[in-house]
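Step one of this worksheet: look at the structure below.
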Amino acid sequence: MFGKKKAKPQIDKDQLELIENAQKRIKQKKRLYIHFVLFLIGCVFLIVANTVLGIGKDFTILGKEWFLFAVLIWLFLFLYHVFNVFVTHKFMGKAWEKEQLEKLVSKQQQRINKLKAGFVKEETLIAQREAYSEENSTKQELKTKGNLTIIVAAAENDAIGLGNKLIWHLSDDLKRFKSLTNGHHIIMGRKTFESFPKPLPNRTHVVITRQKNYKAPDGVIIVHNLEDAIDATKQDSQPFIIGGGQIYKQAMSFADKIELTRVHNDFEADTYFPKIDDNAWRETANIFHKKDVDHDYEFSFLTYERK
Ligand SMILES: NC(=O)c1ccc[n+]([C@@H]2O[C@H](COP(=O)([O-])OP(=O)(O)OC[C@H]3O[C@@H](n4cnc5c(N)ncnc54)[C@H](OP(=O)(O)O)[C@@H]3O)[C@@H](O)[C@H]2O)c1
């Protein structure tokens with residue numbers, strides 16, 4: 001039961017066939033060689049038997065000694081053997097040769113394909129690794145430029161907006177937004193910017209749009225991607241990302257902090273805040289706010305910091 005394992009043959013059926021045929025061929029040639037040696041010895045023997053030992057001295061054919069005919073017949077048989085080995089069954093015949101060649105070629109092709117697939121896989125992995133490290137180094141570079149904070153008010157179902165408007169009016173939340181962002185850069189998407197009646201006072205607006213000739217009031221910085229937006233705030237020690245849905249989604253991996261007002265209700269919406277991944281974020285503050293005459297809903301001020 002625990003005896004030695006039977007060794008598995010390492011060669012496949014086709015390789016085995018090739019080896020067997022090669023062995024047959026070697027035997028064929030060996031037999032021809034033995035025939036040749038026997039023929040030489042035989043000829044000498046026949047000549048000696050007739051001329052020296054006088055065997056059948058009186059027997060002639062067409063006036064010639066018999067050994068001459070015996071040697072000629074044997075020579076003919078030997079040549080026939082040579083012909084058989086090298087011409088008729090040249091390496092087991094033409095068809096056999098062709099078949100073997102095709103087998104070898106297809107085997108080589110399979111190996112080449114396997115190698116190619118391996119190379120492609122390796123190249124893809126290298127490209128992915130390079131892209132990943134590039135992305136990470138960009139993030140690292142962007143992150144080190146400041147304490148980038150996302151500020152948002154989201155419902156229990158992560159709703160943040162409907163019809164390019166906020167869904168609720170919570171005055172204490174607006175006050176908090178004003179006090180936190182006062183004097184700082186605020187990064188936003190074009191739609192959020194257009195949801196304001198006019199730019200917010202005492203804040204530097206950085207608006208992201210793909211429109212190359214987008215017009216905005218003086219003092220508003222227009223950029224065409226998030227990276228440039230973050231870059232535009234590098235003098236600010238505390239820039240904010242203020243929305244909306246598209247920009248929050250893209251900014252989640254760049255931000256260091258989230259100031260979230262969680263409104264404790266579900267709302268119908270067309271814009272949502274992305275899920276906060278517990279593995280990436282740690283809650284560091286949680287202040288509950290009751291419903292009252294100025295506030296239709298309960299809510300909590302939550303702070304998350306990147307782990
Ligand atoms: N509850 C909250 O705290 C809160 C905060 C802010 C906003 N909101 C709400 O969110 C909603 C708006 O959000 P939204 O997602 O619809 O729009 P958004 O994020 O404010 O803006 C989207 C626009 O930003 C530009 N943009 C986005 N990604 C870009 C990129 N990678 N490169 C260049 N430009 C890019 C595009 O502008 P172009 O089309 O011009 O190219 C795009 O149409 C509104 O309902 C608003 O009231 C809620």
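Where a number appears in this text, it was derived from the coordinates with a stated rule and is not lab data. Since the structure is predicted, the reported quantities are computational estimates derived from the model, not experimental observations. Virtual Cβ from ideal backbone geometry, glycine too; neighbours counted across all protein chains shown.
Peptides 121-127, 28-34 ranked from most to least packed give 28-34, 121-127, packing being the mean of other C-beta atoms within 10 angstrom over each peptide's residues. Here the Karplus curve 6.51 cos²θ - 1.76 cosθ + 1.60, taken at θ = phi - 60°, turns the phi angles of region 284-297 into couplings of 10, 8, 8, 10, 7, 10, 6, 6, 8, 4, 8, 10, 6, 9 Hz, with x standing for Gly and Pro.
Considering only beta bridges that DSSP places wholly inside the chain, some 50 percent are antiparallel. Counting beta carbons within 10 Å around each of ARG262, ARG210 and listing the fewest first gives the order ARG210, ARG262.
Spin-label model, VAL87/LYS175: points 7 Å from Cα along the beta carbon direction are separated by 11.5 nm. Compactness of region 149-307 is given as radius of gyration and Dmax, 15.2, 46 Å, from Cα positions.
Its relative contact order, with pairs defined as Cα atoms under 8 Å and 6+ residues apart, puts the chain at 17 percent.
In region 145-306, taking the dipole from charged Cβ atoms about the Cα centre, the farthest positive-side position among THR192, TRP281, ALA216 is held by ALA216. Take each peptide in 295-306, 275-286, count the other Cβ atoms within 10 Å of every residue, and average; sorted highest first, the result is 295-306, 275-286.
For region 13-92, the average shadow cast by the Cα convex hull is 6.2 nm², which is a quarter of the hull's surface. If only the Cβ of Lys and Arg carry +1 and only the Cβ of Asp and Glu carry -1, the dipole of the chain around its Cα centre is close to 2320 debye.
For the chain, what percent of Cα pairs sit more than 37 Å apart? Kindly include the intermediate steps, with their values, before the conclusion.
Details: 26017 of 46971 pairs.
The proportion of pairs with Cα distances above 37 Å equals 55 percent.
With 25 Å as the limit on Cα-Cα distance, the pairs of LYS178/LYS234; LYS212/LYS307; LYS275/LYS307; LYS27/LYS103; LYS13/LYS121; LYS215/LYS257 that go past it are LYS212/LYS307; LYS13/LYS121; LYS215/LYS257.
The simple Förster model, with R0 at 51 Å and r as the Cβ-Cβ distance, assigns VAL105 and ALA127 a FRET efficiency of 0.95. Rounded to the nearest 500, the helix-only mean residue ellipticity at 222 nm of the chain stands at -15000 deg cm²/dmol, with each DSSP H run of n ≥ 4 adding -39,500 (n - 2.57).
Which order do VAL263, VAL120, VAL223 fall in if you start with the one that has the fewest other Cβ atoms within 10 Å?
By the 10 Å Cβ count, ascending: VAL120, VAL223, VAL263.
Scanning residues 5 or more positions from ILE241 or on other chains, those with amide H under 5 Å from its amide H are THR149, ILE150, ILE151, ILE187, with H placed 1.01 Å from N in the peptide plane. Could you tell me which of GLN238, PHE299, THR261 has its Cα farthest along the dipole of region 145-306 towards the positive end, charges placed at Cβ (Lys, Arg +1; Asp, Glu -1), taken about the Cα centre? Selected residue: GLN238.
A DSSP coil position with no more than 12 other Cβ atoms inside 10 Å describes none of the chymotrypsin sites (Phe, Trp or Tyr not before Pro) in region 213-249.
When only C-alpha pairs under 8 Å and at least 6 residues apart count, what is the relative contact order of region 145-306, in percent? Value for region 145-306: 34 percent.
Karplus-based coupling profile of region 31-43, in residue order and whole Hz: 4, 5, 5, 4, 4, 5, 4, 4, 4, 4, 4, x, 4, with θ = phi - 60° in 6.51 cos²θ - 1.76 cosθ + 1.60 and x standing for Gly or Pro.
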